[in-house]
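The values are calculated or read from the model by the stated rules, or taken from the named source; none is laboratory data. None of the values given here were measured: they were computed from a predicted structure. All Cβ positions, glycine included, derive from the backbone under ideal geometry; neighbour counts span all protein chains shown.
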Amino acid sequence: MPRIGLYPGTFDPITNGHIDIIKRAVRIVDKLIIGVALNVNKQPLLTLDERVECIHKALIEEFGNRNKTCDIEVIGFDNLLVDCAKKYDAQIIIRGLRQATDFDFEFQMCLMNQCLDPDIETIFLVATEQNRSIASSFVKEVALLGGNISSFVPKATYNKFKEKLSVLNK
Ligand code: COA
């Protein structure tokens, strides 16, 4: 049976930190589903479609048009994470950990998901040193205040932000 992993997040926007986790996740699963949560609670800057588009472009940047991206599927979801996992036959939820402060929230979320569906395992991958300070909300704040985000995000995300900000600033 193929091992299918679900890497969920809001991805508003996808950052180099997320890419780091994706690159390592594809080594341990046969297929990776990147689940982009609608997540109205976070009031995302980018629409769900824009976030999915940025991820698709970032994957091409990272892996090229090689078959590698065939093992990765990007989907949007607005239901429970465990239901999304079941829908795509994913047995594993993958989450990235940057620092100890991420742990409490991740631990609670993992326990809740275990209660909701004990057959789905959560595994944590630790972000590399240079990505530990990146968070999507910081990236948005820096961009909105005119800072340079090019070293934190894939090129496609950078271009999307330039386009989005020029519309917002009109
Ligand atoms: N490198 C850099 N940054 C990272 C990272 C990494 N490896 N991993 C996470 N982050 C950052 C993100 O940029 C984000 O930053 P922000 O808070 O400033 O926006 C933050 O860490 C966490 O975001 P993300 O990984 O996108 O997850 P999330 O917390 O936004 O998403 C869901 C949480 C979508 C998984 C959760 O809300 C969910 O499961 N929703 C579905 C409904 C549900 O089932 N609810 C019950 C859950 S118990």
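Summary of values
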| item | result |
| --- | --- |
| Single residue of region 24-58 satisfying the filter (in a strand (DSSP E or B) and away from the ligand (no atom under 13 Å from the Cβ)) that is nearest to Phe124 (Cα to Cα) | Leu32 |
| Matching residues in region 77-94 - criterion: being within 9 Å of the ligand (Cβ to nearest atom) and assigned to a helix (DSSP H, G or I) | Leu81, Val82, Asp83, Cys84 |
| Total residues in region 98-107, condition in a helix (DSSP H, G or I) and either of a type in the set (Val, Ile, Thr) or more than 8 Å from the ligand (Cβ to nearest atom) (or both) | 6 |
| Hey, Ala37 of a type in the set (Gly, Ala, Ser), in contact with a Leu (Cβ under 6 Å, 6 or more places away or on another chain) and crowded, with 20+ Cβ neighbours inside 10 Å or not | no |
| Checklist (1) in a loop (DSSP other than H, G, I, E, B); (2) under 14 Å from Arg95 (Cβ atoms); (3) within 13 Å of the ligand (Cβ to nearest atom) applied to Ile21, failing item | (1) |
| Considering residues of region 6-16 that are surrounded by 24 or more Cβ atoms within 10 Å (Cβ to Cβ) and either at pLDDT below 95 or not hydroxyl-bearing (Ser, Thr, Tyr) (or both) only, the residue farthest from the chain's Cα centre (by Cα) | Leu6 |
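Each row is one residue, and each column tells you yes or no for (1) at pLDDT 95 or above; (2) more than 8 Å from the ligand (Cβ to nearest atom); (3) not in a strand (DSSP E or B).
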{"position": "Ile75", "(1), (2), (3)": "yes, yes, no"}
{"position": "Gly96", "(1), (2), (3)": "yes, no, no"}
{"position": "Gln114", "(1), (2), (3)": "yes, yes, yes"}
{"position": "Gln130", "(1), (2), (3)": "no, yes, yes"}
{"position": "Val142", "(1), (2), (3)": "yes, yes, yes"}
{"position": "Gly146", "(1), (2), (3)": "no, yes, yes"}
{"position": "Val153", "(1), (2), (3)": "yes, yes, yes"}
{"position": "Phe161", "(1), (2), (3)": "no, yes, yes"}
{"position": "Lys164", "(1), (2), (3)": "no, yes, yes"}
